[in-house]
Amino acid sequence: MLSRPSLLLCEKKKEERKVKANDREYNEKFQYASNCIMTSKYNMLTFLPVNLFEQFQEVANTYFLFLLILQLIPQISSLSWFTTIVPLALVLSITAVKDATDDYFRHRSDNQVNNHQSQVLIRGSLQKERWMNVRVGDIIKLENNQSVVADLLLLSSSEPHGLCYIETAELDGETNVKVRQSVSVPAELGDPNNLATFNGEVVCEPPNNKLDRFCGTLYWRDKKYPLTNQNMLLRGCVLRNTEACYGLVIFAGPDTKLMQNSGRTKFKRTSIDRLMNTLVLWIFGFLVCMGVILAVGNAVWEKEVGSLFQSYLPWDPPVDNFLFSAFLSFWSYVIILNTVVPISLYVSVEVIRLGHSYFINWDRQMFCSQCNTAAEARTTTLNEELGQVEYVFSDKTGTLTQNIMSFNKCSINGQAYGKGTSREKNTLDFTPFNPLANPDFCFYDEKLLESVKVGDWHSHEYFRLLSLCHTVMSEEKSEGELVYKAQSPDEGALVKAARNFGFVFRSRTPGTITTTELGRTVTYSLLAILDFNNIRKRMSVIVRNPAGRIRLYCKGADTVLLERLHPCNQELMTITSDHLNEYAADGLRTLALAYRDVSEEEWEVWSESHRSADKAVDCREDRLAAAYDKIEQDMMLLGATAIEDKLQEGVSETIALLSLANIKVWVLTGDKQETAVNIGYSCKMLTDDMMEVFTISGRTVQSVRQELGSASFPGNGFREGQEGDGVAGDDQLQGSPCPLPPTYLMDNISGEFGLIINGHSLAHALEADMEVEFVSTACACKAVICCRVTPLQKAQVVELIKKHKKAVTLAIGDGANDVSMIKSAHIGVGISGQEGIQAVLASDYSFAQFRFLQRLLLVHGRWSYLRMCRFLCYFFYKNFAFTMVHFWFGFFCGFSAQTVYDQFFITLYNIVYTSLPVLAMGIFDQDVPDHRSLECPKLYEPGQLNLLFNKKEFFICIAQGIYTSVVLFFMPYAVLSNATQSTGVPLADYQTFAATTATALVIVVSVQIALDTGFWTVINHVFVWGSLGLYFTIMLALHSQTLFRIFPKQFHFVGCAQSTLLQPVVWLTIALATAICIVPVLAFRFLKLDLKPQLSDTVRTHLRKPAESRLGARGGSRSGYAFAHQEGFGELITSGKNMRLSSLGLASFASRHSSSWIETLRRKNTPPKEPCSSFL
Amino acid sequence: MVKEEEDSSNRPDNTAFTQQRLPAWQPILSAGIVIPGFVLIGLAFIGIGVGLFLTSRDIQVLEMDYTGADGSSPCSVCYNLADKNCVCTMSFSIDSLIKGPVFFYYGLTNYFQNQRRYGVSRDDKQLYGDTSNFASPNSECAPYQYISNVPIVPCGSVANSMFNDTFELFKNVNGQSLPVPLDGKGIAWWTDYNVKFQNPNVTPLINAFNGTVRPPFWSKNVYELDTTDASNNGFINQDFLVWMRRAALPDFRKLYRRITDGDYSAGLPAGNYSLKIHYNYPVNGFGGKKKVVFSNVSWMGGKNEFLGIAYLVIGSLCVVMSVVMLIVYAKFKFPEDN
């Protein structure tokens, strides 16, 4: 229906794609992409130029290239070109190696995909062909469970009516089975022989990335057939429940919708990254200032001294006045002072992050053995941000919950069965009773099995209903090995329960349902399915049993169903209602079940009215609903089901721990309010300690505003003087419309309130004029649950917090609907090892269980942040200490840009002498062991408050660096200027001075890194001592005669090392400089430790002492369902009856949609005489 | 996208490294280490400082400015270098014996041997005796690379500006001036003399310098710098080596001679001396100062009071700091421990 207008739209466009089946010559004219996938970026030849081009797009690399060019100008060159080119080459090659490795793996996976086998119909016969050789216009045969090769137009299928079933998990994350149908006419092309001669031509839209849309026309035998998305099998889908099908390749390779969708994800940067970039800019500014100061100095010097000194040192030929000299001197100083922003900074940061990522990948405590999935850091550039998270946005289904529904309790004819998931009781063993039982099924009440065994009519009818009234597809691979394909997990659980209690759903056809009832095979003819929708909240089937009796079975929300019962059910209804309330209170998902006998005459009448309603042109939906409504009356109540939506392991502990770490957890779910709230209680986000839980569910702007207003006005309930744990986000609350509470009061109450907001209210709350109010209210609440939100709204909420709170956000989810949220949050986490991989693909980190989040944040994130901060502090320090010495020396060498050190020392300082110890610290450092940071979540706070590396810390590091440089220059200056060797030779020659300063510098920064390293592993020892050893070895080598004899010009420091290092005065100078640099630091740190200890210091100092356990909840997990809290909670939910609403199938509205589509399809495409459509 | 690794377990290895459980030493700045450490360092520094200070105090230094910038100086006649080969004589007396060996330095101030352009203006290959660089000196020597296309050897500003004042020391005994023997051997670095600077392998040496010209400021050729000792010529001339070793700072002194021979092996005895200065080196143009220094040395080199004082100060500060830390520790830490 949709196809015609959209087809018109397509035809308006100029571009269109023409594909002729079985005609490669014709199609080759258009040069369509082949089915070969290329995700790799380079090949052997292009790697070097392309990779270099990409790398020089980085500002830092270009800057260093610019420096290199400057150095090639002799008048400016204050340093040999190799001081820049060696580090630059090293940096470029490390990056290139990393890129090459990445690309190699892409090549490998491309090859793997491209070399899959497929069956292609070539000249009338099926031939094996690699995926990459499939061309547009080929006809492909697909078999069950095969992946779709390219975007295909479905031509024929082994299933009736040209239907075929696909799973689209890889495309959209939905695991439910969807239906596609072949184009109406070629459906008769059942066998390959007919297809081989098929020469239809498809004219369609050009490749695009819209997964749900396709329009085109098939021209065949002078007829036009409209094509829509429902005729397409897209690459990435998997064929299910379909023996085989044939398809015509329309889009191949990069043109497929899957590939068109795999756009690059937005590049994320951490706040440290941004800070680092700012600081680097400041440093550039600082560099320019230094350059200017020194250039002015040079001008003055050249004018006052240099011009007079010209007899001994004439100006270089191009220099004719002091101003030009100063200009050159500026650039010369830019060259020698550039080491304040060392090339190796960015590469070192990347290396450290890579190391941290590997630690995440390697962590066995984040490995899920059930699904054999280890945690994975998919993005290696965000690790330290994990230590700064303030807001966690979590999906519910599949993230907090397992998305496993278990049939937990039931009420049959007023009798309640089931004892919940208690550990003491043994599960029922069904096997002796029922060979078809599924051993995975657990139920804890043998009374029910007894009642089935003794033949209780109600029990039988109850399970019969469950085995008949559903839309589950079954697949029986071998006798008794049944696999159910349910479109919602709730339904699957119900059918599975019926199966275990002896009412086994075996198979269905459009007109029949075959079951095995207590060992006896029964086939019911299916007369009608009265489908589920959100308004009806129920579904029914009308079946005729072998004895010929017609019965309607109905299951649905109790609110709806209980109204439609026969009046004689009053008593049973009361009892069942009580049970339903009880179940709802336990956080279970409930459904009521009922049946109705339909007489033959009644059926005739109704089916006639139904048929006319079905054929109606206008208001068809309404009229159908009315028809359904007519027969779903006066039903007899059978009972109720209660399904447990199982929480993932450790969810409540994790949430408790995160909230102790001052991380606010928001649940954003597409689920209904009631379900979401229940889960909120069961995972202890909402507790009965809470002062109040606000619910915002208004549908209009005014009502939402009003509700928000009342929520942000905490009233008289809060107590003063409570322990305020919220320090973060105090000033943000200034914008709160609530005039009463000063910020500290808002902090105090932050532990006391919960907020639940509905999707339709959220839409208003997110509008520009209300968002500030919403944010301030929501952030004052400890727990926020947004229910019924769309994927887009999830992203909007995340964006809102990013915008208003300047806090680091983390989004965690498992499904395609979480992708937008995962992408927009600072950090996206995907739950892996389950259904769709869409969320994982979009995520930065993935692991199998929600509970691993605590380890990811509190252990890995915290460490990463700590390490990165320590690394940066030290790195800036050591480079300032190193570089600023040149500045001081400038005042004594006529501002001539003379370096203090040997040029080799300058080349190697950052990449050899001082790189490894700080890298080791950046990768391995630990202040407290991992279990401590889990036991003491407060340790996470410095990261959130950004205490360890910020502008202030940066200035402290810089100040320390400058102080060190002063000491390093002026101590040798003061000592050596008059000192001599014991042979009387003065020590104040340039080379001795250079060697002394350099040695002192290396020793001081090594001692400093030794002080900064808190966790000395073997590697740290090797690197620290090794670097020192390496320094002396290399220095002796560089100052050796051998090298001098080969390159006299470069190695003119010959003999300097031996001469210098043998002088006691030199060592006394070094010791003095080290002491002056280190002693104040040591004293300062010691005093700080005593006067103002950090929590981590305390924990570290008292490692032996058992830390106070802040987690009351740790240890045995309570029975998951927290409706023990109901007393405080009940009145908050607007009506008690809402609590009992069924939630069947709502988790995946889309699946419902497509299941109803099956019916629509059948109705449309089958002649009326067919039995399955006779009543539709 | 196609994952087919279900069979093999993906469980990460359980090693101390991958699980970040490497055994590690975790030092803590505890009072038990820091405070005694400070005391120890402080005491050690004070000890060294006292030693250095006493050693340094024993070293005798005699320093004389002979620039002649002010009219009272005997060398003021030479200050403007009106006539070549100007000679002036400075008289001085020594009150007590300067213990030997005594070293005789010349010093320059406001002289920028550490200027970058000055420093690079040399050809180390040429100085290494590489005759190919005789014909075409390094371009960094410019403008002392060629004189009207004849290459300069040794080229460059450093060599060109070689200090060429010479001194003779006399002891005045009973109205007689007895020359004090000055030893110019071994005043340069061993590596400079033996490795870094080499005469070209040509005999006689003069032949190596055919087709070259001496630096413009020089009055003698490099192969005839020392007329008294033929082996002390060319690039390995000791005075040349000393000059070529750049000073790090604009005020510097360089070793001129040792006084070790004969009667003076025990030092310079008390008495009156006169220093005859062949004043050739102009410093008036840039306001520099010239001086001579007589000094003896100890095990740790020449007079160096700063080092001893600095050690004493730092040592004392460490001790003071340790006391402060002890007080702070006692005041803030002990109650908490209880």
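The values are calculated or read from the model by the stated rules, or taken from the named source; none is laboratory data. Remember, predicted model here, so these are calculated numbers, not experimental data. Note that each Cβ is placed from the backbone with ideal geometry, even for glycine, and that neighbours are counted across all protein chains shown.
In segment A:817-842, how many residues are crowded, with 24+ Cβ neighbours inside 10 Å, modelled with pLDDT under 85 and either under 10 Å from the mean Cα position of the chain (by Cα) or not in a loop (DSSP other than H, G, I, E, B) (or both)?
So the answer is 6.
Only residues that are surrounded by fewer than 17 Cβ atoms within 10 Å (Cβ to Cβ) and within 26 Å of B:ALA159 (Cβ to Cβ): list them for segment A:315-332, please.
The answer is A:PRO317, A:PRO318, A:ASP320.
Determine, yes or no, whether B:TYR329 is within 10 Å of chain A (Cβ to nearest Cβ), crowded, with 18+ Cβ neighbours inside 10 Å and over 27 Å from the mean Cα position of the chain (by Cα). Let's see the steps before the verdict.
Values: within 10 Å of chain A (Cβ to nearest Cβ): yes; crowded, with 18+ Cβ neighbours inside 10 Å: yes; over 27 Å from the mean Cα position of the chain (by Cα): yes.
Here the answer is yes, as B:TYR329 does meet what is asked.
Could you check segment A:166-276 for strands (runs of 3 or more DSSP E) lying wholly inside it with 3 or more residues that are touching a strand residue (DSSP E or B) at 6+ places or on another chain (Cβ under 9 Å), aliphatic (A, V, I, L, M) and at pLDDT 85 or above? Explain how you work it out, then say what you get.
Details: elements: A:177-181, A:201-204, A:215-220, A:223-228, A:238-240, A:244-251.
Output list reads A:244-251.
Here are B:SER76, B:SER56: which of them is assigned to a helix (DSSP H, G or I), out of contact with any strand residue (DSSP E or B) (no Cβ under 6 Å at 6 or more places or on another chain) and more than 22 Å from B:GLY302 (Cα to Cα)?
None of the other options fit; the residue is B:SER76.
Return yes when B:LEU178 is surrounded by fewer than 18 Cβ atoms within 10 Å (Cβ to Cβ) and either in contact with a Leu (Cβ under 6 Å, 6 or more places away or on another chain) or farther than 25 Å from A:ASN978 by Cα (or both) and no when it is not.
On the way: surrounded by fewer than 18 Cβ atoms within 10 Å (Cβ to Cβ): yes; either in contact with a Leu (Cβ under 6 Å, 6 or more places away or on another chain) or farther than 25 Å from A:ASN978 by Cα (or both): yes.
Yes; evaluated as a whole, the condition is true for this residue.
Could you give me the residue pairs with C-beta distances under 6 Å whose first residue belongs to segment A:1049-1063 and is more than 9 Å from chain B (Cβ to nearest Cβ), whose second residue is in a loop (DSSP other than H, G, I, E, B) wherever it lies, and which are 6+ apart or on separate chains?
A:PHE1053/A:ASP902; A:PHE1053/A:HIS1039; A:ALA1057/A:HIS1039
Inside segment A:370-395, can you point out the residues that are within 11 Å of A:VAL829 (Cα to Cα), in a strand (DSSP E or B) and away from chain B (no Cβ under 13 Å)?
A:VAL392, A:PHE393, A:SER394 - these are the residues of segment A:370-395 that are within 11 Å of A:VAL829 (Cα to Cα), in a strand (DSSP E or B) and away from chain B (no Cβ under 13 Å).
Which is basic (Lys, Arg) and more than 38 Å from the chain's Cα centre (by Cα), of A:ARG544, A:ARG538?
A:ARG544
Kindly check whether there is at least one residue in segment A:936-944 that is more than 26 Å from the chain's Cα centre (by Cα) and not in a loop (DSSP other than H, G, I, E, B).
no
Since B:PRO216 meets every condition but one in (1) buried (at least 20 other Cβ atoms within 10 Å of the Cβ); (2) within 11 Å of another protein chain (Cβ to nearest Cβ), which condition does it not meet?
Every listed condition holds for B:PRO216 apart from (1).
Just the residues that are touching a strand residue (DSSP E or B) at 6+ places or on another chain (Cβ under 6 Å) and loosely packed, with under 15 Cβ neighbours inside 10 Å, please, taken from segment B:100-132.
Correct list: empty.
State whether one or more residues within segment A:505-519 are within 37 Å of the chain's Cα centre (by Cα), touching a residue at least 12 places away in the same chain (Cβ under 8 Å) and under 16 Å from A:THR641 (Cβ atoms).
no
Looking only at segment A:29-46, which residues are over 26 Å from A:ALA96 (Cα atoms) and surrounded by 11 or more Cβ atoms within 10 Å (Cβ to Cβ)?
Of all residues in segment A:29-46, those over 26 Å from A:ALA96 (Cα atoms) come to A:29-35.
Answer for segment A:29-46, where residues must be over 26 Å from A:ALA96 (Cα atoms) and surrounded by 11 or more Cβ atoms within 10 Å (Cβ to Cβ): A:PHE30, A:TYR32, A:ALA33, A:SER34, A:ASN35.
Mind checking which pairs have a first residue in segment B:106-120 that is facing chain A (nearest Cβ under 7 Å) and a second that is outside any loop (DSSP other than H, G, I, E, B), Cβ under 6 Å, 6 or more apart or different chains?
What qualifies is B:ASN114/A:TYR990; B:TYR118/B:SER157.
Would you pick out the residues in segment A:409-436 that are at pLDDT 75 or above, part of a loop (DSSP other than H, G, I, E, B) and in contact with an Asp or Glu (Cβ under 6 Å, 6 or more places away or on another chain)?
If the condition is that a residue be at pLDDT 75 or above, part of a loop (DSSP other than H, G, I, E, B) and in contact with an Asp or Glu (Cβ under 6 Å, 6 or more places away or on another chain), then A:GLY418 is the only one that fits.
Inspect segment B:274-281 for any residue being touching an Asp or Glu at 6+ places or on another chain (Cβ under 7 Å), surrounded by 22 or more Cβ atoms within 10 Å (Cβ to Cβ) and at the interface with another protein chain (Cβ under 10 Å from one of its Cβ atoms) and give the result as yes or no.
no
Would you confirm whether any residue within segment A:1040-1047 is part of a helix (DSSP H, G or I), over 15 Å from A:LEU968 (Cα atoms), of a type outside the set (Phe, Trp, Tyr) and at the interface with chain B (Cβ under 7 Å from one of its Cβ atoms)? Explain how you work it out, then say what you get.
Narrowing segment A:1040-1047 to residues part of a helix (DSSP H, G or I): A:1041-1046.
Narrowing further to those that are over 15 Å from A:LEU968 (Cα atoms): A:1041-1046.
Then drop every residue that is not of a type outside the set (Phe, Trp, Tyr), which leaves A:1041-1043, A:1045-1046.
Then keep just the ones that are at the interface with chain B (Cβ under 7 Å from one of its Cβ atoms); that gives A:1041.
Yes: segment A:1040-1047 contains one or more residues that are part of a helix (DSSP H, G or I), over 15 Å from A:LEU968 (Cα atoms), of a type outside the set (Phe, Trp, Tyr) and at the interface with chain B (Cβ under 7 Å from one of its Cβ atoms).
Could you please let me know if A:VAL1024 is β-branched (Val, Ile, Thr), more than 7 Å from chain B (Cβ to nearest Cβ), more than 17 Å from B:ALA248 (Cβ to Cβ) and under 54 Å from the mean Cα position of the chain (by Cα)?
Yes.
Report the residue count in segment A:85-126 for those that are among the β-branched types (Val, Ile, Thr) and either under 15 Å from A:GLU350 (Cβ atoms) or within 14 Å of another protein chain (Cβ to nearest Cβ) (or both).
Result for segment A:85-126: 6.
Does segment A:83-104 contain any residue that is part of a loop (DSSP other than H, G, I, E, B), within 30 Å of A:SER329 (Cβ to Cβ) and among the β-branched types (Val, Ile, Thr)?
Going through segment A:83-104, the residues part of a loop (DSSP other than H, G, I, E, B) turn out to be none.
For segment A:83-104, residues part of a loop (DSSP other than H, G, I, E, B), within 30 Å of A:SER329 (Cβ to Cβ) and among the β-branched types (Val, Ile, Thr): absent.
Scan segment A:982-1005 for residues that are of a type in the set (Gly, Ala, Ser) and more than 7 Å from chain B (Cβ to nearest Cβ) and jot them down.
Answer for segment A:982-1005, where residues must be of a type in the set (Gly, Ala, Ser) and more than 7 Å from chain B (Cβ to nearest Cβ): A:ALA994, A:ALA995, A:ALA998, A:ALA1000.
Looking at A:THR914 and the list (1) within 24 Å of A:LEU1030 (Cα to Cα); (2) within 14 Å of chain B (Cβ to nearest Cβ), which single condition is not satisfied?
Only one criterion in (1) within 24 Å of A:LEU1030 (Cα to Cα); (2) within 14 Å of chain B (Cβ to nearest Cβ) is unmet by A:THR914, namely (2).
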